[in-house]
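Structure first, commentary second.
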Amino acid sequence: MFTVERHIHGKWVCDQCGTLIQTPVPAQVIDKGIPTAGLLAHVMIAKFADHLPLYRQESIFGRAGLAIARSTLAQWVGNCSVQLLVDALRDAVLEHGVIHADETPVQMLTPGTKKTHRAYVWAYATSQFSDLAAVVYDFSPSRAGEHARLPARLEGQAGLRRFWWLQGQL
């Protein structure tokens, strides 16, 4: 099911000057990383298209004789430019003339204590008449000033500014 690619790069030393010469290493998807593009594609498709959690992928790799830790798989998923796609989708949603926004309070466990506090998840959605049907979520750990203010990318939209004022945000 899985194969291991072995790359051997030659090294030579000049007898007269002692200069080390090495063949160049091909570019990798993750700099200085060992996973190939095929392995990363397999992990991403299994996670997002097949809805296979990383702990199950870890056990599948383990049965195949490959000890790949779940934390390593999580780093690979994070390094595969998922955040770039999220940012591009957020920009595409926020460029629309009509945006539906919702603030939902959620309980968040405070690190180091066994107590929870109130955090907020903002949802920005395009209208039902838009050609793009998308929702983007933003997390805010509190309602502090930097989180509760109108996002900078929406500052120029007067209608949204009025909406935020009516909600008591500004």
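The values are calculated or read from the model by the stated rules, or taken from the named source; none is laboratory data. Owing to the predicted nature of the structure, the values given are computational and were not obtained by experimental measurement. All Cβ positions, even for glycine, are placed from backbone atoms using ideal geometry, and neighbour counts span all protein chains on display.
Going by the structure shown, is Thr110 of a type in the set (Val, Ile, Thr) and either farther than 18 Å from Ser140 by Cα or modelled with pLDDT of 90 or more (or both)? Walk me through it before giving the result.
Working: of a type in the set (Val, Ile, Thr): yes; either farther than 18 Å from Ser140 by Cα or modelled with pLDDT of 90 or more (or both): no.
When the stated conditions are applied, Thr110 does not pass them.
Looking at Lys32, Lys47 in this structure, which one is within 22 Å of Gln83 (Cβ to Cβ) and at pLDDT 90 or above?
Step by step, each of Lys32, Lys47 is checked, and only Lys47 is within 22 Å of Gln83 (Cβ to Cβ) and at pLDDT 90 or above.
Being surrounded by fewer than 17 Cβ atoms within 10 Å (Cβ to Cβ) and among the acidic types (Asp, Glu) is the filter here, so list the residues in the stretch 45-66 that pass it.
Once the filter is applied, which keeps residues that are surrounded by fewer than 17 Cβ atoms within 10 Å (Cβ to Cβ) and among the acidic types (Asp, Glu), the stretch 45-66 yields only Asp50.
Just one of Gly10, Gly33, Gly38 is among the small types (Gly, Ala, Ser), surrounded by 10 or more Cβ atoms within 10 Å (Cβ to Cβ) and either more than 22 Å from Gln75 (Cα to Cα) or out of contact with any helix residue (DSSP H, G or I) (no Cβ under 9 Å at 6 or more places or on another chain) (or both); which is it?
Gly38
List pairs: first residue in the stretch 25-40 and in contact (Cβ under 8 Å) with a residue 40 or more places away in the chain and assigned to a loop (DSSP other than H, G, I, E, B), second residue surrounded by 12 or more Cβ atoms within 10 Å (Cβ to Cβ) and β-branched (Val, Ile, Thr) anywhere in the structure, Cβ distance under 9 angstrom, at least six positions apart or on different chains.
Val29/Thr36; Pro35/Val29; Pro35/Val43; Pro35/Ile68; Pro35/Thr72
Show the residue pairs that are 6+ apart or on different chains and have beta-carbon atoms under 8 Å apart, the first residue being within the stretch 1-18 and under 30 Å from Gly38 (Cβ atoms) and in a loop (DSSP other than H, G, I, E, B), the second being β-branched (Val, Ile, Thr) and at pLDDT below 90.
Short answer, once both residue conditions are applied: Glu5/Thr36; His7/Val25; His9/Thr23; His9/Val25; Gly10/Thr23.
May I ask you to list the residues in the stretch 122-158 that are surrounded by 13 or more Cβ atoms within 10 Å (Cβ to Cβ), modelled with pLDDT of 75 or more and out of contact with any strand residue (DSSP E or B) (no Cβ under 8 Å at 6 or more places or on another chain)?
The one that is surrounded by 13 or more Cβ atoms within 10 Å (Cβ to Cβ), modelled with pLDDT of 75 or more and out of contact with any strand residue (DSSP E or B) (no Cβ under 8 Å at 6 or more places or on another chain): Ser130.
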